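Working notes for the structure below.
The values are calculated or read from the model by the stated rules, or taken from the named source; none is laboratory data. Owing to the predicted nature of the structure, the values given are computational and were not obtained by experimental measurement. FYI the Cβ positions are ideal-geometry reconstructions off the backbone, even for glycines, and counts take in every protein chain you see. Please note that ligands, DNA and RNA were not included when accessible areas were found on the heavy atoms of the full protein model with its side chains. Shrake-Rupley method; radii C 1.70, N 1.55, O 1.52, S 1.80 Å.
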Amino acid sequence: MRIGVNAVPLRVSGGGARFVFTELMDRLLALDTRNQYVIFAHFLGLPVINQIRRIHPHLNPHVPHDRRVSVIEVSNEDDIFHHRHEFDLFFGPLNNLQPRIYDRPSVAILHDIQEQFFPQYFSEGDLLARREIYPEICRSATTLVTISEFCKQTIVDKFAIDPHKVEVIYNAPQTALVDRAADDDGEWRREPLPERFFFYPANTYLHKNHETLLDAIALLRRRLGGACPGFVFTGYELPGGCALKAGIESRGIADICRTFNEVHVDELRYLFRSAIAIVMPTMFEGFGMPVVEAMACGCPVACSDLPVLREIGETFALYFDPCRAEAIADSMMRLSDDAPLRARLRDAGMEHARRFTWERSARRMLEIFDEAADRFIGLGGPAHREGDEHLPHIGVLVASRGRGLGLPEALKSVLSTGYSRLSIQVVFLEPPDDNVRAFLERSPYRFEVIDGKEGVTWELLARFAHEHELDLVGEVHAPGGGLLPSALHSLASCFHRDRSRSIYLGEAWEWHHGRVIGDARLRLMGDGLWRMQGFLYPEMMWLNPEAMSRWEAVDDLVREGGGAWRWTITREAQLSGRIALLKRTLALIEPGRVSLADRFRAGQAGLGVVHQANGTPHSSGWLSRLEPVLRPASRVLPTRVREHGKRIWQHLKNEP
């Protein structure tokens, strides 16, 4: 299997994420003897990528260069679209699953959803992005990986995700930090440190709770006077975070505190090995890497009494209330005075930390890659061939304009799905070319010529479904439309899980001159907002005739919608819970095939407008209604100009 890895968000200053990425990838490449890896990276992240030993063997002459691994530099995530034929499974290890390559298995790692608990720690822009992107990752990934049972439960509860698709893989300490001789205490190369000190390794994000810790240090100083131990902080002082140095000065504890930005792994080991204990008053964690790293180095741990830290640290840490400076100061005093307690925590913690290894995590990740490939196909995959009679019977109506232009390609895309319970019918919206007619007369496919002014109607689809006793019916239009190979199996898998919906709506890639230029989908934007992004192409929309027959209002909705009937019933299905969103890419569409008149009618009907949960337009001005017309016209513009214009457009509409 070829695994595409999205490392585009990776940066040198990426905090713990970059260590997790390099450690996991290094062990995957060491253990995996079957799969190939294609790593996509921005040039600002290449210094991190190049630390992986099997990519650059000069970093370790004893490790052979692995020719199963390639690194492709891209300027942004959309560039990965152009390499989509080079991998079979898409892996997003950095809280990301972009671009939307959802026609194949995908595995994503989501580290935590802190914004659901402490929104005050985030800017408005970050909140808008997280509230849309994180639930979307959870819904779209074939398998979602997270880093603790606590995170799994919060994701399941907050986003209503099936717990069976969420797997837990624990992080582990940096190999260079812990894979050393027992008597290796590391090395400190900087200014002298206090003889006795506590240690806190963390960037100054607000949830790391430095302010309360500083209050606790000041309180301890008042209690102990000149006998008060020192305190060492490592990590960057970030914009919008705690003003650490100013806070130290204002409390009069600068003489016992030391601050450093990033430290080398030798220095980090020295701090862990030399500190009285680490003190970690964090308000939120998805895992708590410093807890495990400290234990692995033989450093006692005092940390916040949080469910996730109880999960990771078990009974081998000293816990306190992170909201009370007095409780933190009490824990520090206890650890400072009680040598037997420190010894017990040190010895038990080192033994406990041995369960957290990157080899164990990587082996589980390899299993998940294999499981995701099987899970993606689900019903209808090779393992289910003997049960094909249980697959839904799917009908595809291939509609052709242009006297049959593009019809063979459209038919080929349907047949290439390899779906077994399939009925195909061809309709011409204008008289076909004689050669096309002759071709169809020799084929097994029924065809007819209909009035092209109305196009494909619900009545036509319903008749097709009735004649062939179909479970699902949909369309492919030629020229300019085609199904992706996994489309019908994806549809069958969704239908198998829930047969009650009237509409099963997937996604489509828009392409122009052989390049993917965008996607079309019903976009859930967070806070109950939603909109149809791109255009509602027929290839995205599959109807359940039985459920449609029970929908009393459908005939009125179809009449009301006229030429935009698909959008009218989709909008009402979204409001009434009659729609299933597949989160799978079903089709590849040339957007130029849709006339400006059709786009204008769709815009008048509200396609492209942001809706609230109750269906009320959130932004229904004339700009939003023009978008379905102007968006495809912008394709002729250079990419840089188009992206700049997109930002201006969203600002004018005052949309996220």
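For ALA547, the conditions (1) over 19 Å from LEU607 (Cβ atoms); (2) of a type outside the set (Val, Ile, Thr); (3) in contact with a Pro (Cβ under 8 Å, 6 or more places away or on another chain) all hold with the exception of (3).
Here ALA182 meets the list (1) within 30 Å of ARG139 (Cβ to Cβ); (2) out of contact with any strand residue (DSSP E or B) (no Cβ under 6 Å at 6 or more places or on another chain); (3) of a type outside the set (D, E, K, R) almost entirely, failing just condition (1).
Residues that are farther than 19 Å from VAL398 by Cβ and hydroxyl-bearing (Ser, Thr, Tyr) within segment 523-549 comprise just one, SER549. On inspection, ARG310 fails the criterion of being open to solvent by 10 Å² or more (accessible area, probe 1.4 Å), over 23 Å from HIS207 (Cβ atoms) and basic (Lys, Arg). Is one or more of the residues making up segment 535-543 in a helix (DSSP H, G or I), open to solvent by 10 Å² or more (accessible area, probe 1.4 Å) and either touching a Gly at 6+ places or on another chain (Cβ under 7 Å) or not charged (D, E, K, R) (or both)? Checked against the condition, which is being in a helix (DSSP H, G or I), open to solvent by 10 Å² or more (accessible area, probe 1.4 Å) and either touching a Gly at 6+ places or on another chain (Cβ under 7 Å) or not charged (D, E, K, R) (or both), segment 535-543 yields at least one hit.
Looking only at residues of segment 221-272 that are in a helix (DSSP H, G or I), open to solvent by less than 70 Å² (accessible area, probe 1.4 Å) and of a type in the set (D, E, K, R), we find that the one that is farthest from ALA325 (Cα to Cα) is ASP266. If you take the residues in segment 413-436 that are surrounded by 17 or more Cβ atoms within 10 Å (Cβ to Cβ) and hydroxyl-bearing (Ser, Thr, Tyr), which one is nearest to the chain's Cα centre (by Cα)? Of everything passing the filter in segment 413-436, THR417 is nearest to the chain's Cα centre (by Cα). Restricting segment 276-290 to residues that are assigned to a loop (DSSP other than H, G, I, E, B) and among the hydrophobic types (A, V, I, L, M, F, W, C) leaves a set whose member that is surrounded by the fewest Cβ atoms within 10 Å (Cβ to Cβ) is MET283. Among the residues of segment 162-185, those that are open to solvent by 30 Å² or more (accessible area, probe 1.4 Å), of a type outside the set (D, E, K, R) and without any contact (Cβ under 8 Å) to a residue 40 or more places away in the chain comprise PRO163, HIS164, VAL168, ALA181, ALA182.
Quick check: is even one residue across segment 460-476 outside any strand (DSSP E or B), on the phi > 0 side of the Ramachandran plot and not β-branched (Val, Ile, Thr)? Walk me through how you get there before you give the answer.
We begin by selecting, within segment 460-476, every residue outside any strand (DSSP E or B); these are 460-471.
Adding the requirement that they be on the phi > 0 side of the Ramachandran plot leaves 469.
The next check asks that each one be not β-branched (Val, Ile, Thr); those that pass are 469.
Among the residues of segment 460-476, at least one is outside any strand (DSSP E or B), on the phi > 0 side of the Ramachandran plot and not β-branched (Val, Ile, Thr), which makes the answer yes.
Listed by position, the helices (runs of 4 or more DSSP H) inside segment 579-656 whose residues that are modelled with pLDDT of 55 or more, open to solvent by 70 Å² or more (accessible area, probe 1.4 Å) and not aliphatic (A, V, I, L, M) number at least 1 are 596-604, 639-653.
Kindly evaluate SER443 against the criterion of being among the polar types (S, T, N, Q), open to solvent by 10 Å² or more (accessible area, probe 1.4 Å) and at pLDDT 95 or above. So SER443 does not fit the description; no.
Looking at ALA492, ALA520, which one is touching a residue at least 12 places away in the same chain (Cβ under 8 Å), open to solvent by less than 20 Å² (accessible area, probe 1.4 Å) and under 24 Å from PRO392 (Cα atoms)?
Details: ALA520 fails: under 24 Å from PRO392 (Cα atoms).
From the options ALA492, ALA520, the qualifying one is ALA492.
Looking across segment 186-214, the residues that are in a helix (DSSP H, G or I) and either open to solvent by 70 Å² or more (accessible area, probe 1.4 Å) or in contact with a strand residue (DSSP E or B) (Cβ under 6 Å, 6 or more places away or on another chain) (or both) come down to LEU206, GLU211. Taken over segment 16-54, the residue count meeting the criterion of being open to solvent by 20 Å² or more (accessible area, probe 1.4 Å), modelled with pLDDT under 90 and assigned to a loop (DSSP other than H, G, I, E, B) is 4.
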